[in-house]
1. What distance in nm separates the two pseudo spin-label positions at C:ASP36 and A:HIS118, each 7 Å out from Cα along the beta-carbon direction?
2. Order by neighbour count: B:ILE130, C:ILE18, fewest other Cβ atoms within 10 Å first, most last.
3. Can you list, shortest first in nanometers, how far C:ILE422 lies from the same residue in the other copies, with each label 7 Å from Cα toward Cβ?
4. Check which residues have an amide H placed less than 5 Å from C:LEU281's amide H, if you skip close sequence neighbours.
5. Would you kindly state how much longer the chain becomes between B:VAL22 and B:PHE409 on full extension, computed as 0.36 nm times their sequence separation minus their alpha carbon distance, in nm to one decimal?
6. What are the ³J(HN,Hα) values, in whole Hz, obtained from phi via the Karplus relation 6.51 cos²θ - 1.76 cosθ + 1.60 with θ = phi - 60°, for each residue of segment B:305-311 in sequence order, with x given for Gly and Pro?
7. Quick one: what are the phi-derived ³J(HN,Hα) couplings along segment C:141-146, Karplus 6.51/-1.76/1.60 with θ = phi - 60°, whole Hz, x for glycine and proline?
8. Mind putting a number on the dipole of chain A about its Cα centre? Charges go on the C-beta only, +1 for Lys and Arg and -1 for Asp and Glu, and I need it in Debye to the nearest 20.
Amino acid sequence: STMAESTNMRLRLPLLCIILEVILIILFGALVEYNDDTHAKLWNANKSHSATRDDYENEFYYRYPSFQDVHVMIFVGFGFLMTFLQRYGFSSVGFNFLIAAFSLQWATLMQGFFHGMHHGKIHVGVTSMINADFCTGSVLISFGAVLGKTSPVQLLVMAIFEVTLFAVNEFILLSMLGANDAGGSMTIHTFGAYFGLMVTRVLYRPNLDKSKHRNSSVYHSDLFAMIGTIYLWMFWPSFNSAITNYGDPQHRTALNTYYSLAACTLATFAFSALVNPEGKLDMVHIQNAALAGGVAVGTAGEMMLTPFGSMIVGFLAGTISVLGYKYLTPVLESKLKIQDTCGIHNLHGMPGVLGAVVGAVTSALASPGFTLYYFYDVFADAETGKWNPQSRGGFQAISLAVTLGMALFGGLVTGFILKLPIYGAPPDTHCFEDGLYWEVPGEEEGHELNEVATPNEMEKLNS
Amino acid sequence: STMAESTNMRLRLPLLCIILEVILIILFGALVEYNDDTHAKLWNANKSHSATRDDYENEFYYRYPSFQDVHVMIFVGFGFLMTFLQRYGFSSVGFNFLIAAFSLQWATLMQGFFHGMHHGKIHVGVTSMINADFCTGSVLISFGAVLGKTSPVQLLVMAIFEVTLFAVNEFILLSMLGANDAGGSMTIHTFGAYFGLMVTRVLYRPNLDKSKHRNSSVYHSDLFAMIGTIYLWMFWPSFNSAITNYGDPQHRTALNTYYSLAACTLATFAFSALVNPEGKLDMVHIQNAALAGGVAVGTAGEMMLTPFGSMIVGFLAGTISVLGYKYLTPVLESKLKIQDTCGIHNLHGMPGVLGAVVGAVTSALASPGFTLYYFYDVFADAETGKWNPQSRGGFQAISLAVTLGMALFGGLVTGFILKLPIYGAPPDTHCFEDGLYWEVPGEEEGHELNEVATPNEMEKLNS
Amino acid sequence: STMAESTNMRLRLPLLCIILEVILIILFGALVEYNDDTHAKLWNANKSHSATRDDYENEFYYRYPSFQDVHVMIFVGFGFLMTFLQRYGFSSVGFNFLIAAFSLQWATLMQGFFHGMHHGKIHVGVTSMINADFCTGSVLISFGAVLGKTSPVQLLVMAIFEVTLFAVNEFILLSMLGANDAGGSMTIHTFGAYFGLMVTRVLYRPNLDKSKHRNSSVYHSDLFAMIGTIYLWMFWPSFNSAITNYGDPQHRTALNTYYSLAACTLATFAFSALVNPEGKLDMVHIQNAALAGGVAVGTAGEMMLTPFGSMIVGFLAGTISVLGYKYLTPVLESKLKIQDTCGIHNLHGMPGVLGAVVGAVTSALASPGFTLYYFYDVFADAETGKWNPQSRGGFQAISLAVTLGMALFGGLVTGFILKLPIYGAPPDTHCFEDGLYWEVPGEEEGHELNEVATPNEMEKLNS
């Protein structure tokens, strides 16, 4: 068979990894510098006389715990959530690991470039680490759509393009439109979902049912996936609040997300049982839809949404997510030819759009007398006096439209690039299968103790 | 078969979940408000002129890392600890998830109601989040006693009553008796354990041995359970110190708990090997008894117990816990008809009582000259000058008695309510079985790589 | 068979555990006191008048989140990383748990003794907790070399000696040579690795291939191991920065480690595919070599290494680690008779030495004009004006030599002590086997639902 058809990664993967990393290292050498809080000279220069207190004021102490929670979501949360497939656990955790490690470096450069250089240099610190992890999250959402149907080389190429477009879209929303999206309902979830859905649409495989028998879970793979789910669920309050302004906005965002997720979980269990003829719960729903509440308060969580409002949003998000898995996903596949392995449309797509709409409405409904306090710490122009709730809501809505456009267009182009027959993609007959790209161990020779040692032997050993 | 006998959840579970969540949302809308640290207006109004510093003083930065550790214990710790059963992993993690998500919302209301309303409103922030998680922990302890023998509807009903009584008991102990119990030896562990033991006593199943073959672990289920154990063990210092006063008490509590757990672990391994005829370690002991050291310093950990004292308490707790699993649990089942699936009496019951006694004794033994510093930050009345060690110790002891009474009475009533044949409880023949309430996937069709692709095919693909 | 040959732990393990814990408790009672930040009297005595602010300044709030991340690495990271063996999961997590719980107590005493007593007392608080966990990490690295070939009694005896020598070596490096090694490239990784390699050399088993069929992974055991890997990877920035000075050094260390690990991961995937004839990735490499980047910036991470420098170091570390697994480990076993179960030479040995060298070179290359700011917070003598980059680099290099000497000598002596036939070590035929020391459950009787309930029965139940 020709090179193009082969799935052998021996040259392709090392070559791509090494070239990418060498480019990254060169660009980091040329462009990246410590920021004021990580640079020994600058930090000391900016210190006031009471040195000890100042060290405690380093942003490290106020952002780093949030960063670590986000980091766990990216590597354990996303990685294990996708281990639900019976024979794709190595790839789920492993490729997640690879493309995340690449994306966070590339994102540091792209976001640094767009978010403002300092005398031609990109400044890094814990905030840039969080932002890079956020951008990485978007790539991992798209990974969920093409899970099991792509080679690691394809995934890295997808990450190159998606990270770049993510940074552009984020720049348009946050810097040009002045939108607010601290938890990324739009920038992360909507963008990642529709980008990934368009990619998987372009990569449509008419004969994917040849791998159907592997496109499902087994008992223990579902438990591994629950590790991912629970970590995502627990740390989502940290995710949404990680880069808000300090003080009450950060505190409030965590609180709102906590309640949204709790309400979402009850909705998920309710509708999962309701849509099943025997009233049985479906692990796919519990693993995914219970998280939709975090997605849906990614924009408005920072605002004065109240626990009451958060719970309503969370309940709605869980409901539409379960219904999406049950009724919409099969239609998307059969009618629109969108093969969405993890159902990211239900977990990130629809709840992301819901979150954007909730954010726009919450902004637009702000009452003038209350506005000064309300959005003081949330929207920059609230402070300057130019604040107008309706126009703010309008800009939020425009941001959603821009995000959808960027994602669909970017996914389209990227999809066609990924369609080139040079990446060693798996054949239709061998999707959802670790064995193509991994050394897979054999099975245990025998579980029973007496295959290892006869009871007599064992008795002797223990006497 | 009649509705009452059926285990079909299709109507019951959705109905209950939706009704409960709607009630919660309405009550939150009517009663719950942001507190000073989460409300944009109040936070800004209370700010001094140096705005930036104040934002750093938000309680979020001093409580939230502890909250996240507690959150991990509730959802990963408890959830995975109970996955040890061979075919009950979905239910262990899943029902844990469901009843925790409900309980934390309901607890916010109940605790807010009893711990003092502000002009008719319940104020929420990170401290209320920690307290709600604590109350949830108590429900999950009781879940351990009835694990495998209850439907999710029963569990939600149990949570409604247990959360309510927890809040009442906590109010009596902390507000009326002025007791100290930051890590909840009494309020959480003793209460949750004896409540659950009474419930399982009332729900006694004489024919449970029909499900005996499923009431045990397999190799990988024991490893999943160790995930729960280790997370509980690691984060217990955060649990016990999460709501202490700031400064030295919080620091000291974490330190004492750390040493208690370390000593407990050595006792657990020692006695686990000692009580086994072949000297083999038992996973049940390691998974559970090694945690008893955290339970047993839940009251005194905040006091000047010293690492020395903490290690003695931890060692004792591990010892009685292993001996309880080995010798007491079978007697409780055969003589007292208490079927305690997880052995919560050994992990939470006896160590909780031990912790309460240690707390009372430590309080009573406080030497007057040292008292001012000793309990300055721990007991409110130490500051007012009304402090009397003996009476303080007495109130601590009374608190234990009240807790036991409330738990046993509450468990009795709740048990009879749960006995009604309307909840779809599993029959004796189908306990400890996920298949009743979950869509359980089939097994892998073949592990061997050559069932997926013959070596020839694979070679071709990789050429 | 005689006592000496038996693997029965019934007397040996309990006796050793209880004696050790009793000794620990007595020594803690005699020697250990709360430090200023954990002691109620001292903390209050040192308070300025503005009591509330001071409570926020307790070191607890600035060190404890780092401590918890380190704690997770020690118990989950190391514990699960070693579960890759098919039938040694209980021992990997369990013995890791046991020897870590012992070592952290013993390390508190040993490090307290060497790092300076206060009026004859050892003062404890969160910094001593982190240091004790660090020392424990070193023991767990050595555990990796002898994994599967030792009894728990042997492991505890090894820990007694290794912790003691660790404290001596650490004292020589940090206090006598003034070396800098915040993340422990030398004190933790190099020391633990070469100590363990020497122990396993002395304990060489010529007939270990009798247990060869158990010295490999199965599908799910590799996934459990990935839990360990990912947690180590994510929290390594916290590990390296946990005990640096406050402010910019801590922040910078976390940042440098983050980039080093990301670059290391790409190198690992690249070389893992490259060294495999079919271009397939090897789980052994991904699980281990991807972490080498954290080890290799353990010394220089605190310095002004820059992200650029960190990425180069990480890339090199990943490369040599994969190549070590592929080409060096087999040679070490066949030529030098070093049976290194986990390949700690590749993950901790070589990357540790690389880290030490990078640290020495970075120190030596410091340009004088920049030095004042550069090393102000890193090296104590930078402040006193006695600073000389070349001599500093020299002392760093001497520290590496001392560490290697201490480790090899200590491992040699300890190895011979562990060779005594009194510890119940496993026979060559039963290495890598939980069944010797653990009650291992049987297998599930049948996965299929219809073995539990026939479809008819199930239908009736759900009707």
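1. Between C:ASP36 and A:HIS118, the label points sit 3.3 nm apart.
2. On the way: B:ILE130 22, C:ILE18 18.
Ranking B:ILE130, C:ILE18 by Cβ neighbours within 10 Å, fewest first, gives C:ILE18, B:ILE130.
3. For C:ILE422, the inter-copy label distances come out at 6.9, 6.9 nm.
4. For C:LEU281, whose amide H was placed from the backbone, the distant partners under 5 Å are A:TRP438, A:GLU439.
5. Details: separation 387, 0.36 × 387 = 139.32 nm, distance 2.94 nm.
Stretched fully, the B:VAL22-B:PHE409 segment lengthens by 136.4 nm.
6. Rounded to whole hertz, the list is 5, 6, x, 3, x, 4, 5.
7. For segment C:141-146, the Karplus-derived couplings read 4, 4, 3, x, 6, 9 Hz, x marking Gly and Pro.
8. Numbers: 23 positive and 36 negative charges, 271 e Å.
Computed about the Cα centre, the dipole is about 1300 debye.
Where a number appears in this text, it was derived from the coordinates with a stated rule and is not lab data. In this text, all values refer to a predicted model and were calculated from it rather than measured experimentally. Heads up, the Cβs are rebuilt from the backbone with ideal geometry, glycines too, and the neighbour counts pull from every protein chain shown.
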